[in-house]
Amino acid sequence: MLSPYGHNTLVKTILLCSILAAAGLLSAGALKTLLLATASGLFLFTLYFFRDPSRKPPPEPDAILAPADGRILLIKTIAHPFTGPDSTLVSIFMSPFNVHVNRLPVSGKVTHLSYHPGKFLMAFDHSSMTDNERMEIGMEENRGTPILFIQVAGFIARRIVCGLQVGDTVQAGNRFGMIKFGSRLDIVIPDGVRLVVSEGQKTVAGETVIARQNI
């Protein structure tokens with residue numbers, strides 16, 4: 001299954017690959033091989049990048065799920081106006097080879113959206129959290145818990161897609177957007193929520209439990 005967020009990019013890629021392939025067929029020798037290989041490689045990588053496998057969220061109403069596939073790059077305590085003091089930041093790094101469709105970490109209501117233009121630092125540079133182009137999404141979970149997650153553009157990834165609107169009522173594990181071609185996704189959870197992951201751990205969007213609320 002291919003993500004609908006990638007349709008425009010896929011159409012552009014098909015056009016470019018068609019031009020490269022046509023030029024290759026009209027060429028000879030090493031140039032022909034290079035052009036045809038480039039066209040094939042670019043087309044196959046684009047299909048691979050925009051893959052969108054189905055996911056099955058765990059039946060745990062107290063769980064906070066990973067919003068992105070990748071690897072946990074950083075866990076730290078921060079203060080944030082949306083989630084309060086002693087909140088926990090979890091940063092997930094997405095390589096170009098991860099699935100890039102983002103999924104909702106909890107069920108509830110979208111109460112905050114804020115787009116910030118910025119730089120395009122490498123995603124593993126922790127300055128990217130505050131300096132890079134990003135989209136902040138704040139939710140009030142069904143129990144009233146505030147959850148903030150942030151799509152952060154990277155050096156290669158320069159296109160953030162977010163299909164949410166303030167006031168939307170959403171379900172944990174559902175798709176909400178993507179960041180094209182690498183980057184990171186940060187999630188901030190308030191004090192009193194129990195973290196169950198560690199730095200270096202791999203995550204699967206919509207399935208990996210990163211924290212549990214105290215009931």
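The values are calculated or read from the model by the stated rules, or taken from the named source; none is laboratory data. Quick caveat: nothing in here was measured; it's all calculated off a predicted structure. Glycine also receives a Cβ, built like all others from the backbone with ideal geometry; neighbour counts cover every protein chain displayed.
Hey, any hits in region 104-116 for a residue that's among the aromatic types (Phe, Trp, Tyr), in the same structural domain as Gly206 (by TED's automatic domain parsing), at pLDDT below 95 and surrounded by 15 or more Cβ atoms within 10 Å (Cβ to Cβ)?
Of the residues in region 104-116, the ones among the aromatic types (Phe, Trp, Tyr) are 115.
Now drop any that are not in the same structural domain as Gly206 (by TED's automatic domain parsing), which leaves 115.
Within this subset, residues satisfying the condition of being at pLDDT below 95 are 115.
Narrowing the set further to residues that are surrounded by 15 or more Cβ atoms within 10 Å (Cβ to Cβ) leaves none.
No, that holds for no residue.
Give all pairs with beta carbons closer than 8 Å in which a residue from region 46-65 that is modelled with pLDDT of 90 or more meets a residue that is part of a loop (DSSP other than H, G, I, E, B) and among the charged types (D, E, K, R); count only pairs at least 6 apart in sequence or on separate chains.
If the second residue must be part of a loop (DSSP other than H, G, I, E, B) and among the charged types (D, E, K, R), the pairs left are Arg55/Glu207; Lys56/Glu207; Pro57/Glu207; Pro58/Glu207; Leu65/Glu207.
Within region 183-193, does at least one residue satisfy the condition of being within 18 Å of the chain's Cα centre (by Cα) and more than 22 Å from Ala79 (Cβ to Cβ)? Spell out the reasoning first.
We begin by selecting, within region 183-193, every residue within 18 Å of the chain's Cα centre (by Cα); these are 183-189.
After this cut, where a residue has to be more than 22 Å from Ala79 (Cβ to Cβ) as well, the list is 183.
Yes, the conditions are met somewhere in region 183-193.
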